[in-house]
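The values are calculated or read from the model by the stated rules, or taken from the named source; none is laboratory data. Here the structure is a predicted model, which is why all the values come from computation and not from measurement. As a convention, Cβ positions derive from the backbone with ideal geometry for all residues, glycine included, and neighbour counts pool all protein chains shown. Surface accessibility is based on the protein's heavy atoms, side chains included, excluding ligands, DNA and RNA. Shrake-Rupley method; radii C 1.70, N 1.55, O 1.52, S 1.80 Å.
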Amino acid sequence: MRKYRWIVILCLIGWTVSFASCTKVQQKSVPVVSGVLNAKPVDVLIYTGSASWITLENARLEAKTAKGHLESKGIRIAITESDETLKNWMVETTGNGAVNVCLLYGVLPSTIYAPGNTEPDGSIVENWIETTDGDTILNQGDYLGYYSSDDTPNYKAPLQNLMDLPDIDINVEHFENLLMDVTESGRTLTPSLANFESDRPFPLEQLGAEWYAEKIFASDTGNIQATLADPIILRDGDRGRLAMVHQTHHGDNPKGAVAAEIIINYLLAK
């Protein structure tokens with residue numbers, strides 16, 4: 001009987017080890033990082049690892065809304081919370097001959113622009129928008145680049161460095177809560193966009209060098225002859241773009257829908 005008891009015990013031990021091994025394999029096969037690209041080409045990447053002037057929960061909801069609209073049009077889109085994934089994607093798509101769009105929620109991740117402005121020239125994001133691909137940073141929420149993803153304050157310098165315009169400043173107190181009226185282009189290209197109050201509209205008079213207002217969707221006058229604009233696409237000659245869309249302090253705006261419409265009907269329109 002002892003002999004049989006030992007056989008049973010050994011069988012149970014073997015079964016337990018086998019079961020544990022299978023469980024580990026299943027855990028490894030389950031993706032644990034949101035928005036893993038899986039080596040598939042992606043035209044639009046939305047970063048939801050950190051946010052400013054919008055809660056992370058809201059940012060992720062808006063990202064899902066944008067993703068749904070874009071996927072319905074066959075646009076290759078992914079969402080990631082990983083700074084490293086964003087960096088790798090941006091390096092891979094720099095100068096690839098195609099328009100790519102990176103959607104951010106009020107922060108500039110530290111992997112593509114060194115926090116504290118320690119890399120004023122030649123950052124990954126600057127190299128990305130300085131090719132003739134027409135690559136676009138589309139920012140929603142806080143002042144573009146004002147904070148890094150590790151909460152380091154960058155203040156005005158990132159926007160100044162990315163545009164190579166040292167006097168750019170959209171953090172002006174009297175700019176807050178300014179009514180933006182939808183322009184004709186806005187009504188045509190972004191049907192979800194309605195009049196709203198912007199806290200960081202872009203001051204058109206500050207444009208210089210080769211930067212120009214490529215498309216104005218809403219402004220303080222309701223047309224392109226304006227002083228301030230949001231949403232707006234700025235372009236550096238024939239190079240990259242910076243788009244500012246609903247730069248509002250926790251504003252209840254249709255950010256996901258409007259961002260998707262700008263990408264579908266303009267940036268990636270065929």
Open item on the list: For the range 205-218, give me each residue that is assigned to a strand (DSSP E or B) and surrounded by 14 or more Cβ atoms within 10 Å (Cβ to Cβ).
Closed with: W211, A213, E214, K215, I216, A218
Task: Residue, most open to solvent (accessible area, probe 1.4 Å), within the range 227-270, restricted to residues that are outside any strand (DSSP E or B) and free of Cβ contacts under 8 Å to residues at least 40 places away in the same chain - done: K270
TODO: For T131, work out the one condition from (1) touching a residue at least 40 places away in the same chain (Cβ under 8 Å); (2) of a type in the set (S, T, N, Q); (3) under 26 Å from T190 (Cα atoms) it doesn't fulfil.
DONE: (3)
- [ ] Scan the range 192-204 for residues that are in contact (Cβ under 8 Å) with a residue 40 or more places away in the chain and crowded, with 19+ Cβ neighbours inside 10 Å and jot them down.
- [x] L193, F196, S198, D199, R200, P201, F202
- [ ] Identify all residues within the range 170-194 that are of a type in the set (V, I, T) and modelled with pLDDT of 95 or more; write none if there are none.
- [x] V182, T183, T188, T190
Open item on the list: Suppose we filter the range 219-249 for residues that are among the aliphatic types (A, V, I, L, M) and over 30 Å from T94 (Cα atoms); how many remain?
Closed with: 3
Task: Some residue of the range 43-57 being part of a helix (DSSP H, G or I), farther than 22 Å from R241 by Cβ, open to solvent by 30 Å² or more (accessible area, probe 1.4 Å) and of a type outside the set (K, R) - done: yes
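On the basis of being over 15 Å from the mean Cα position of the chain (by Cα) and more than 25 Å from Y266 (Cα to Cα), does E176 make the cut?
Judged against the criteria, E176 is a match.
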